[in-house]
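Data block below; observations after.
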Amino acid sequence: MLFPGGDLPEPERVLIIKPSALGDVVTAMPVLRGLKRTFPDAQVSWLISDRCAPLVSHDSNLDGVVIFDRRRLGRAWRSPPAAAALAKFMLDIRRGRFDWVIDLQGLIRSGLFAAVSRAPVRAGFADAREGAWIFYTHRNRPECSHTVDRNIALARMLGIDARAEDMSLELSPGAKAFAESPCRTSGLKAGGFLVAVPPTTWPTKLYPVRHWRTVVESLCRSVPVVLAGAPSDRTLCEQIAEGLAPGAVNLAGQTKVDEFVGLIAASAGVICSDSAAKFIASAVGVDSVTLIGPTRPERTGPYLRGRAIVADVPCQGCLRKRCRHITCMQSINPAEVISAAQDMLSGHPS
């Protein structure tokens with residue numbers, strides 16, 4: 001049976017492939033939402049890493065998750081047990097009997113997962129890296145730049161009614177509970193504190209500690225500022241919060257992924273380097289101020305809501321993960337960040 005306006009058989013079982021990272025998973029939400037809007041009876045599963053699964057595993061639009069244990073399966077080339085586990089993982093994908101597979105990751109590994117599914121329709125980007133495009137039956141080369149718009153364009157090629165406003169996250173019960181917890185234990189009021197997320201995956205995207213301290217010290221005079229990050233980011237956040245208590249509350253290393261989402265949802269806004277936090281904020285209806293140096297806002301900047309402060313240097317947008325000077329992030333004036341955060345608090349984020 002062909003669906004209205006399409007030239008493909010209506011899918012019964014669909015697999016979305018987007019294992020990581022946190023921000024990338026959030027930008028893929030319009031594909032999930034659009035699938036369920038267009039094909040409400042289809043069974044939709046998501047191949048996702050164990051770390052990112054808490055973002056979507058509870059979602060009402062999702063029928064199942066296929067957990068990819070990257071740490072274990074990534075050792076398949078040198079570990080016989082891991083190789084056996086990878087073989088079983090790929091066999092399980094085939095047993096899923098998917099008739100559509102949508103690869104939003106676009107790497108050789110995700111392309112191989114699409115191929116082993118033997119799905120009649122395997123869709124991905126024509127410019128997928130590492131030659132992953134050779135595994136697709138349907139390829140799309142979006143004219144748009146932003147990662148969310150690219151995902152939407154791929155979905156629409158398949159006749160899926162994906163929309164920009166579909167980039168949304170549902171809060172898990174654990175996220176809701178945690179959002180209430182810091183309000184009780186730290187004297188915070190829902191909507192009455194800011195979340196600062198200094199950590200990011202690239203060293204070149206890090207805002208200097210001294211600048212963060214200036215920003216947090218100024219803002220926490222009028223509103224509590226909660227510092228958040230993974231356990232490995234605890235030292236960084238301690239350096240920023242040192243001597244600024246009680247206005248600065250350091251929760252780095254104390255939040256699981258879904259709890260981090262809940263914390264952001266309960267806040268009055270987010271200040272972050274270019275990281276997943278800006279997409280999570282938008283997806284739960286919260287504004288953000290994002291500090292951008294080596295990355296390109298037209299590709300990965302705030303989406304739907306939020307403000308980007310972009311470094312004004314000739315090499316801005318170089319996309320380098322390593323740099324001798326990191327002038328871009330150092331050049332962002334803390335006073336501009338403070339002003340933007342104050343505008344966000346007053347309800348005028350842009």
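Each value in this text was obtained by applying a stated rule to the coordinates, not by laboratory testing. None of these values were measured; they are calculated from a predicted model. Reconstructed Cβ throughout: ideal geometry from the backbone, glycine too, with neighbour counts over all protein chains shown.
Would you please give the FRET efficiency between ASP312 and GLU12, computed as 1/(1 + (r/R0)^6) with r the Cβ-Cβ distance and R0 = 51 Å, to the nearest 0.05? Numbers along the way, then the final one.
On the way: r = 52 Å, r/R0 = 1.02.
Working from the Cβ atoms, E equals 0.45.
Please give, to one decimal in nm, the separation of the simple spin-label points placed at ARG129 and GLU170, each 7 Å out from Cα toward the Cβ.
Rounded to a tenth, the inter-label distance reads 3.2 nm.
Around THR327, with a cut-off of 14 angstrom between Cβ atoms, what is the net charge of the other residues, counting Lys and Arg +1 and Asp and Glu -1? Numbers along the way, then the final one.
Working: positive: LYS205, ARG320, ARG322, ARG324; negative: ASP312.
Around THR327, the charge tally is +3.
In nm, to one decimal, how far is the modelled label at ARG296 from the one at ALA335, with both set 7 Å along Cα→Cβ?
3.2 nm
For the range 173-345, just run the numbers: alpha carbon Rg, then divide by 2.2 N^0.38 Å, N being how many residues it has.
Cα Rg divided by the expected 2.2 N^0.38 Å: 0.96.
So between GLN254 and ARG118, what do we pick up on full extension, going 0.36 nm a residue minus the alpha carbon distance?
Gain on extension, GLN254 to ARG118, equals 44.8 nm.
So how tilted is helix 257-266 from the main axis of the chain? Cα-based, degrees 0 to 90, rounded to 10.
50 degrees
Rank GLY347, GLY262, ALA119 by how far each Cα sits towards the positive end of the charge dipole of the chain (+1 on Lys, Arg Cβ; -1 on Asp, Glu Cβ) and give me just the farthest.
ALA119
If you project the alpha carbons of the range 216-300 onto the principal axes, what extent comes out on each, in Å, largest first?
37, 28, 27
All other residues with a Cβ under 15 Å from the Cβ of VAL310 taken together, and with Lys, Arg as +1 and Asp, Glu as -1, what is their net charge?
Net charge around VAL310: +1.
Quick one: putting +1 on the C-beta of Lys and Arg, -1 on the C-beta of Asp and Glu, what dipole do you get for the range 13-166 around its Cα centre, in Debye to the nearest 20?
620 debye
Within the range 244-278, which residues have the backbone N less than 20 Å from the label spot 7 Å out from LYS189 along Cα→beta-carbon, could you tell me?
Answer for the range 244-278: 246-249, 263-270.
I want to verify a result. In a Gaussian network model of the chain, Cα cutoff 10 Å, which of these has the top mean-square fluctuation: PRO80, PRO199, PRO173?
PRO80
With contacts defined as alpha carbon pairs under 8 Å and 6 or more residues apart, what's the relative contact order of the chain in percent?
14 percent
Determine the distance separating the Cα centre of the range 82-136 from the Cα centre of the range 213-259; give it in Å without decimals.
40 Å
Taking 0.36 nm per residue of separation and subtracting the Cα-Cα distance, what length does fully extending ILE108 through SER57 add?
Between ILE108 and SER57, full extension yields an extra 15.9 nm.
For ASP50 and SER222 in the same chain, what is the full-extension length gain: residue separation times 0.36 nm, less their Cα-Cα distance, in nm?
Stretched out fully, the ASP50 to SER222 stretch lengthens by 58.1 nm.
In which sequence would SER267, SER346, SER117 go, from the one with the fewest C-beta neighbours within 10 Å to the one with the most?
The fewest-first ordering by Cβ neighbours comes to SER346, SER117, SER267.
Mean separation of Cα pairs under 8 Å and 6+ residues apart, divided by the residue count of the range 76-205: what relative contact order is that in percent?
Working: 138 pairs, mean separation 17.3, N = 130.
It rounds to 13 percent for the range 76-205.
Apply the Kirkwood formula to the range 100-213: the hydrodynamic radius equals the inverse of the mean of 1/r over all pairs of different alpha-carbon atoms; give it in Å with one decimal.
It works out to 17.7 Å.
Quick check on the chain: helices-only [θ] at 222 nm, where DSSP H runs of length 4 and up contribute -39,500 (n - 2.57) each and the sum goes over total residues. Nearest 500, please. Please report the intermediate quantities before stating the final value.
Details: 14 runs with 127 residues, N = 350.
Counting only the DSSP helices, I get -10500 deg cm²/dmol.
Taking neighbour counts of Cβ atoms within 10 Å as a proxy for exposure, in what order, fewest first, do ASP24, ASP69, ASP41 appear? It would help to have the intermediate numbers written out before the result.
Values: ASP24 18, ASP69 14, ASP41 8.
Listed from fewest to most nearby Cβ atoms, that is ASP41, ASP69, ASP24.
Run the numbers on the range 13-166 and let me know its relative contact order in percent, using alpha-carbon pairs under 8 Å that are six or more apart.
25 percent
Under 18 Å from the Cα of LYS256, which lysines turn up, not counting those fewer than eight places away in the same chain?
LYS176, LYS278
Compute for the range 13-166: radius of gyration divided by Kirkwood radius, i.e. Rg/Rh, restricted to C-alpha atoms, rounded to two decimals.
We get a ratio of 0.94 for the range 13-166.
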